[in-house]
1. When you scan segment B:165-250 for helices (runs of 4 or more DSSP H) that lie fully inside it, which ones turn up with 2 or more residues that are of a type in the set (Asp, Glu)?
2. List the pairs whose first member sits in segment B:578-604 and is over 23 Å from B:GLY631 (Cα atoms) and assigned by TED's automatic domain parsing to the domain that holds B:SER634, whose second member is part of a strand (DSSP E or B) and basic (Lys, Arg), and whose Cβ atoms are under 7 Å apart, counting only residues at least 6 apart or on separate chains?
3. Quick test of your reading of the structure: B:SER590 fulfils all but one of (1) small (Gly, Ala, Ser); (2) within 14 Å of another protein chain (Cβ to nearest Cβ); (3) surrounded by 15 or more Cβ atoms within 10 Å (Cβ to Cβ). Name the failing condition by number.
4. Among strands (runs of 3 or more DSSP E) lying entirely in segment A:45-111, which contain 2 or more residues that are away from chain B (no Cβ under 14 Å) and of a type outside the set (A, V, I, L, M, F, W, C)?
5. Can you go through B:GLU261, B:GLU207, B:GLU255, B:GLU223 and tell me which one is touching an Asp or Glu at 6+ places or on another chain (Cβ under 9 Å), among the charged types (D, E, K, R) and farther than 19 Å from B:LEU163 by Cα?
6. Of everything in segment B:644-703 that's of a type in the set (Ser, Thr, Tyr) and over 30 Å from B:GLY618 (Cβ atoms), which residue is surrounded by the fewest Cβ atoms within 10 Å (Cβ to Cβ)?
7. Restricting attention to strands (runs of 3 or more DSSP E) lying wholly within segment B:311-428, give those where 3 or more residues are modelled with pLDDT of 80 or more, under 21 Å from the mean Cα position of the chain (by Cα) and of a type outside the set (A, V, I, L, M, F, W, C).
8. Test B:GLY618 against the criterion of being at positive phi and over 27 Å from the mean Cα position of the chain (by Cα), and give yes or no.
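The values are calculated or read from the model by the stated rules, or taken from the named source; none is laboratory data. Since we're looking at a predicted model, the values are computed, not measured. Methodologically, a virtual Cβ is constructed for each residue, glycine included, from the backbone with ideal geometry; neighbour enumeration extends over all protein chains shown.
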Amino acid sequence: MQELEVYEEDKVTQYIVVNLGIEHYGIDIKYVDNIVRVPQITRVPNVQSFFKGVINLRGEVIPVMSLRLKFDMPETEFTSKTRIIIIKVDPSAAIGVIVDEVEEVRDLPESMVEKKTPDKNDPSQFYITGVGKTDKGLVSILDLATVIGEKEIG
Amino acid sequence: MDVSQYLGIFLDEAKEHIQVLSDQMLILEQEPDNQDAINEIFRAAHSLKGMAGTMGYKRLQRLTHDMEDCFSAVRSGQMNVTSGLMDVLFQALDSIEGYVETIQNTSDEGDNDNDSIVNELQKFLKGEGGDSSTAEKASAKPAEEERGASASGDKAEYRNIVLDESQKNVMKDAIVSGKHVYGFTVFIQETCLLKAARAFLVFKAIEESGDVIVSSPSSQDIEDEKFEFRFSLFAICDADIEKIKSAIMSVSEIEEAVGEEYTEEMLDSGSSEAEPENAAADKPVENAPVPAGNAAPAAKENKSVANAKKPAGKPVVSRTIRVDIEKLDTLMNLVSELIIAKNTIVSAANSGTQTGGGGRNPLVENVEYLESVTTNLHEAVMKVRMVPIESAVNKFPRMVRDLEKKLDKKMNLTITGEDTELDRTVVDEIGDPLMHLIRNSADHGLESTATRIERGKPETGTIFLNAYQDGNNVVIEVGDDGNGIDVEAVRSKIIERGYASEETANQMSDKDIINVLFDPGFSMAKQVTDISGRGVGLDVVKSNIESLGGDVEVKTKLGEGSTFIVRLPLTLAIIQALMVIVGGEKYAISLDSITTIEDVPVSDIKLVQQKEVIQLRGTVIPIIRLSNVLGVESTKDENENLVAVIVKKGDTLAGLVVDELMGQQEIVIKSLGKYINNDRIISGATILGDGEVALIIDANALI
């Protein structure tokens, strides 16, 4: 549990702050491999509904999921601001998550993040491990391993 | 010395030695007098001991040392090969394998002393030979240790060379005729890179004034660099010892040469250890009168006889280098990218010619050339990744031996086609499923010895594993001449267990019934296993083989035996595929599974049990509308003729209805990754020339 160590040492962690509608979410930068515009997505039949399909990222086939659908939020059209964050929790397997917009990269010192137990009953709160306070408002820190299904909720 | 960087090599080589030991011990058990086997065993055990010592694995070293002592005693005839001895030795081998496994996982040998086995071995060493041999063993042992610790101890290792009678005779004759016989041990500097070449020069230097009679290791092994940085030899020379010594030392990178002149008495004093192993080969030489002058040629002849004998027992070592599989993966990926780039150029060139009008332009020609080069390159890279299935099947003879004892049935395993090659990744994975099938045959397939005699079958049951290449597939058949599958017993079990209603079960064909055995839910049932004689882990076998892109089917005849036929693709990464369009989406279907493509008028479609079928050259074939399976709207008009891609799995055919055909293409298979769970219809994806991703349909999963 690397996050825990970070908390104890009160270290500064860098987050990519992304937006879904009016909400801000923070993704620990150490998991982020790349941020790309939305290329052509090939639909994969009969898979979990939040998977939009697969894309070709420099010769690799990478599955992409909609963070909106994963969080039970209404789906929206892709815009020029829509981005895919390529995530590697397991170094040998990449996955893309589609977000409405990438806002910024932000340093958050530990003291500014309030720890939180993920709420198992609210889909939009399943994956939140903490809330960071910034001058622009609150940023929900995402537990990526759980979001992409690398580990069970809880 | 930090040895961790050698750990990988140690593990690889240790496994090789263990395999050699296992193979040769099996041979030895069958033919206790097989000297080639015992020599091979001795060499493997000795190398293993040396390696373990170097790496600091004391327990492993101790165990191999005791094993080596046993083999040494067997070799010198002090100990007889008994079933009891072999059992203990096999146990010891298992423990050694255990050590190596622990080392692989933890890079430490663990703290299991395996005292009981060591004690057993010691008991054999003490018990068998009686008083005289214990004494002899005591004298043999220090010699053994000397070999290991030569650098610090006695350097005159030539004293350890065991001379046979004919060699002694040759040397004695030489002494009588006024020549000199020398024993030498030559040490090469440890920094020397071409020790075989240096050794060769030493031999050449000696042969300028005489003849080398015998060397340890053998001249063949020295030539193959199969020796440490030292070797020993006996030579007959005219010149005096100092001259020979200086001739040896004049070869560069030679650290030291120790030697002495031998007299007749000295030659005789070592005679008690004369080895029986070469006796057969030596006889012609011994019987022939050896005139003093011809001593050297006779010795040479003797050597050539010994050498000629070797190839029979020793497998020809293929010239190989070890390459990290990751490097091959990188190479493979690069070739994949090249093929994608090539596909891009091909499509660009084709669209270029369409607009440019008639006439062949140089671009198209060169693109065709590029195409043939990439195809050849692909094949070459695939071949690099191919390894014989031997490494997966070579543990089976030992396993069957153990099963034989455990199940108290007489059985014999025959393996053919172990040199059939498959992709390395497939070979790594195929061992377990095959092991399951062999166990199955041994446990459930073969009848008890009593039953076999009663049925008039040979007392010893036969289990066979035949591998061969069949087009783009490799077929591995595993079977037995046992009881076969009792289909009716399985059928009644299916009904009894409520797996299917009586009515359904009675309608099921024999094939369907047998297929139920591969069902996970079904084969779990112990009762079925007992009655049908089949079932343990067959679902696992099936899923393992399918995950490798293969399939498995069974042929069985009650009372005569069963054969499991495993079919595996030769390559995993790049295949020829038919590109099709369904509902505007592009899909690839492996060309391997396609038999024909048919144009089917809508009026030809009939309904059988609410399922659409067509008749094709007398066969009724179900048709599957891919648009339904894939959840898209077909773009074709309902009344238009259907395009049906006829695919087969084993003997079963099905027609896949697509909207349009795009053509044949070489595609690179990419995994969809572990995050997407699809229902196995999609086996992967590929990247097309224009960068678009197309999914690959697994026809096998649809049938």
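1. The qualifying helices (runs of 4 or more DSSP H) are B:165-176, B:219-223.
2. B:THR595/B:LYS648
3. (2)
4. Values: elements: A:51-57, A:60-66, A:83-90, A:93-99, A:101-109.
Here the list reads A:101-109.
5. B:GLU255
6. Pass one, segment B:644-703, residues of a type in the set (Ser, Thr, Tyr): B:652, B:671, B:675, B:683, B:686.
From what's left, over 30 Å from B:GLY618 (Cβ atoms): B:671, B:675, B:683, B:686.
Working: B:SER671: 13, B:TYR675: 20, B:SER683: 20, B:THR686: 28.
The qualifying residue surrounded by the fewest Cβ atoms within 10 Å (Cβ to Cβ) is B:SER671.
7. B:411-416
8. The answer is yes for B:GLY618.
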